[in-house]
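K.L.:
Here it is, the structure in full.
The values are calculated or read from the model by the stated rules, or taken from the named source; none is laboratory data. Remember, predicted model here, so these are calculated numbers, not experimental data. Please note: Cβ atoms are built from the backbone with ideal geometry, for glycine as well, and neighbour counts cover all protein chains shown. All accessible areas refer to the heavy atoms of the entire protein, side chains included, with ligands and DNA or RNA removed. Shrake-Rupley method; radii C 1.70, N 1.55, O 1.52, S 1.80 Å.
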Amino acid sequence: LTLDEDGKFQDTFRNNKQEYFLPPEQFIGRYYGDILPPSLVTLLDHALESLKATGTVQQVTYSMDYPDGKRYYEARLSRRLDAAGKPAGCTIVARDITRQQEAEDELIKSRARLTAILKGSPIPQFVIDRDHRVIQWNTVLEKYSLIPASEVIGTSDHWRAFYPDNRPCLADLLLDGSADDLKHWYGNQIIRSPLVPDAYTAVGFFPHMGESGVWLSFTAALIRDNEDEVIGAVETLEDITEVKQASLALTESESRYRGVIENLQDVFYRSDASGRL
């Protein structure tokens with residue numbers, strides 16, 4: 001559609017189905033502010049001011065309510081000049097972006113659901129994008145690491161929760177895709193998951209976490225989109241301190257037991273119920 005310098009419609013406004021936004025006799029020659037919804041009028045006011053001041057194309061996104069539901073549009077406003085090259089109003093080209101907007105809305109809802117799931121999970125976990133920036137840092141990990149999500153979201157500082165100095169986490173190494181780096185940092189402690197593709201698990205002791213250090217089993221996996229492109233990685237943590245301490249205590253007990261037995265001055269042997277040594 002076109003507007004003259006006074007903001008009055010000069011021609012018909014129709015979409016690609018040749019259906020009129022309004023019957024031509026209802027808006028041609030009328031000021032746009034008299035017939036368009038107030039929210040759209042406000043957008044056009046600002047866009048037209050900018051267009052007159054700069055002469056550059058302006059873009060606005062708006063919605064309209066129809067009997068069959070809401071529709072979304074993207075409009076581009078450009079300067080019109082007369083034969084003498086003087087300003088003669090503007091041309092507005094509107095494009096229906098309802099499907100695109102609905103898809104974006106659904107993506108936002110999907111991300112919100114994912115965020116809610118991660119935040120409500122009892123398992124400490126975080127998610128990084130392909131550029132190693134943190135995009136999720138759940139509530140349990142906040143309490144566990146004593147680092148608020150607000151301090152790490154959008155940064156690459158997730159290492160702070162685990163290490164005194166900057167070094168890659170397991171999720172970072174998976175994104176970089178280097179098997180040699182996995183072995184360099186974790187040696188024989190790294191295990192490839194038999195159930196989940198692109199996932200690895202490792203065990204390590206973190207001396208500066210907790211009151212006297214903790215043992216963690218941590219698993220990282222790549223995240224792929226519908227086209228199988230890697231878009232990030234997720235890492236989950238499990239505190240196995242009690243299990244590890246029990247295992248170490250058992251090993252130490254067995255060692256002491258064997259030391260006592262081997263240092264007895266008497267002949268000693270042990271057999272099972274069948275008499276086997």
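K.L.:
Is it the case, given these coordinates, that R71 is in contact (Cβ under 8 Å) with a residue 40 or more places away in the chain and in contact with a Ser or Thr (Cβ under 7 Å, 6 or more places away or on another chain)?
P.N.:
Spelling it out, it is not the case that R71 is in contact (Cβ under 8 Å) with a residue 40 or more places away in the chain and in contact with a Ser or Thr (Cβ under 7 Å, 6 or more places away or on another chain).
K.L.:
Does the stretch 173-207 hold any residues that are over 13 Å from F218 (Cβ atoms) and β-branched (V, I, T), and which are they?
P.N.:
Result: V196, single match.
K.L.:
Still on this structure: Suppose we keep only residues that are more than 25 Å from G154 (Cα to Cα) and part of a loop (DSSP other than H, G, I, E, B) within the stretch 202-232. Which one would you say is least open to solvent (accessible area, probe 1.4 Å)?
P.N.:
G213
K.L.:
Within the group P37, P87, P67, P24, which residue is over 34 Å from the mean Cα position of the chain (by Cα), modelled with pLDDT under 90 and surrounded by fewer than 11 Cβ atoms within 10 Å (Cβ to Cβ)?
P.N.:
P67
K.L.:
When both residues are 6+ apart or on different chains and their Cβ atoms are under 7 Å apart, which pairs have a first residue that lies in the stretch 183-196 and is within 18 Å of E235 (Cα to Cα) and modelled with pLDDT under 85, and a second that is among the small types (G, A, S) and part of a loop (DSSP other than H, G, I, E, B)?
P.N.:
none
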